[in-house]
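Below is one structure; the comments refer to it alone.
The values are calculated or read from the model by the stated rules, or taken from the named source; none is laboratory data. Because the structure is a prediction, the values reported are computed rather than measured. Note: ideal-geometry Cβ built from the backbone for every residue, glycine included; neighbour counts use all protein chains shown.
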Ligand code: GDP
């Protein structure tokens with residue numbers, strides 16, 4: 001271990017883009033990704049972990065570049081046959097993707113932890129990045145809406161985020177233990193920066209922060225904590241982040257995201273489109289292009305965020321250095 005580790009907290013699509021950039025610019029083994037498990041659910045008897053899977057596919061070069069989720073060159077025989085039998089097809093499962101869920105479920109039933117299974121899959125697919133579920137205990141995102149209390153995938157996929165969100169809660173989070181390896185990575189003196197990816201703060205990052213041990217570990221981390229905006233010019237790049245913010249009465253602005261993470265972050269990365277907000281952010285803010293379309297965009301944002309984080313000293317770090 002060379003002591004230049006970077007830890008990133010990530011949801012699915014937005015987080016995986018930055019994780020890919022970070023993995024491309026860091027030496028092998030120096031990136032640890034802590035992944036949201038609040039979207040996980042049981043479907044057709046299988047345990048599906050959408051954010052972990054998006055990260056696994058993205059970091060191993062197997063992701064579908066069109067959708068951002070699922071596998072490239074996927075086939076759909078299973079779904080077609082299931083449909084012909086009148087089965088449940090609202091959640092799309094490609095043939096290759098299905099194999100991942102079957103094997104994960106078999107191992108979980110055999111008593112292996114999600115952490116161990118994820119590490120095994122990452123090893124099989126040659127990932128140079130450590131991929132850690134935020135917890136091995138179930139944390140399930142539940143969305144209170146104008147159409148009632150909905151399980152996350154019912155809200156997100158089946159109802160396409162159409163219901164109006166009233167509140168969001170994370171079942172199991174108060175009992176869940178954080179992944180010990182994640183806590184170790186956050187506290188390690190080898191960790192030089194902790195990055196909150198440009199993921200949905202309310203649906204992807206909050207389920208992790210709802211685990212007290214994980215939130216506390218971020219709060220006392222010696223490494224600087226930097227969040228990257230998922231909001232650019234008053235809109236989300238993809239997904240329901242802006243819609244949810246509006247429904248929750250939160251202004252759709254990177255300022256709101258920075259405030260949401262208030263007390264946990266030592267720095268914030270704003271998009272060039274929002275440069276005028278820089279002085280309104282309570283922590284040091286860096287303005288840069290944050291839209292990650294190409295691999296080069298991902299690499300250059302990764303490099304910029306790492307060097308910004310290195311320029312910061314977290315209050316905890318400053319205190320320990322002063323002793
Ligand atoms: P999900 O779990 O698949 O919904 O994915 P995430 O929560 O990780 O990512 C969704 C968020 O990523 C949305 O709020 C998007 O605005 C944000 N996002 C997606 N692509 C980009 C990008 O290229 N740049 C930035 N800054 N944000 C992005």
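Some points to look at:
- Pairs, first farther than 12 Å from residue 141 by Cα in region 200-214, second within 8 Å of the ligand (Cβ to nearest atom) and part of a helix (DSSP H, G or I), C-beta under 8 Å, six or more apart: 200/14; 200/241; 201/241
- When region 24-78 is filtered for residues that are in a strand (DSSP E or B) and buried (at least 17 other Cβ atoms within 10 Å of the Cβ), the ones remaining, listed by number, are 31, 32, 33, 34, 35, 41, 46, 47, 48, 63, 71.
- Among the residues examined, residue 87 qualifies as at pLDDT 95 or above and not in a helix (DSSP H, G or I).
- Meets criteria (touching a residue at least 24 places away in the same chain (Cβ under 8 Å) and away from the ligand (no atom under 12 Å from the Cβ)) for residue 269: no
- Whenever a residue of region 227-244 is within 21 Å of residue 153 (Cα to Cα), its partners that are in a loop (DSSP other than H, G, I, E, B) and more than 6 Å from the ligand (Cβ to nearest atom), lying with C-beta atoms within less than 6 angstrom and at least six residues away or across chains, give the pairs 240/161; 242/252.
- You will find that of 277, 291, 270, the residue that is touching a strand residue (DSSP E or B) at 6+ places or on another chain (Cβ under 7 Å), over 23 Å from residue 4 (Cβ atoms) and part of a strand (DSSP E or B) is 270 and no other.
- A single entry from 222, 226, 237, 205 fulfils the requirement of being closer than 17 Å to residue 307 by Cα and under 17 Å from the mean Cα position of the chain (by Cα): 226.
- Entirely in region 154-253, the helices (runs of 4 or more DSSP H) that have 3 or more residues that are within 16 Å of the ligand (Cβ to nearest atom): 206-209, 241-247
- Looking only at region 90-107, and only at residues there that are touching a helix residue (DSSP H, G or I) at 6+ places or on another chain (Cβ under 7 Å) and surrounded by fewer than 16 Cβ atoms within 10 Å (Cβ to Cβ), the one that is modelled with the lowest pLDDT: 92
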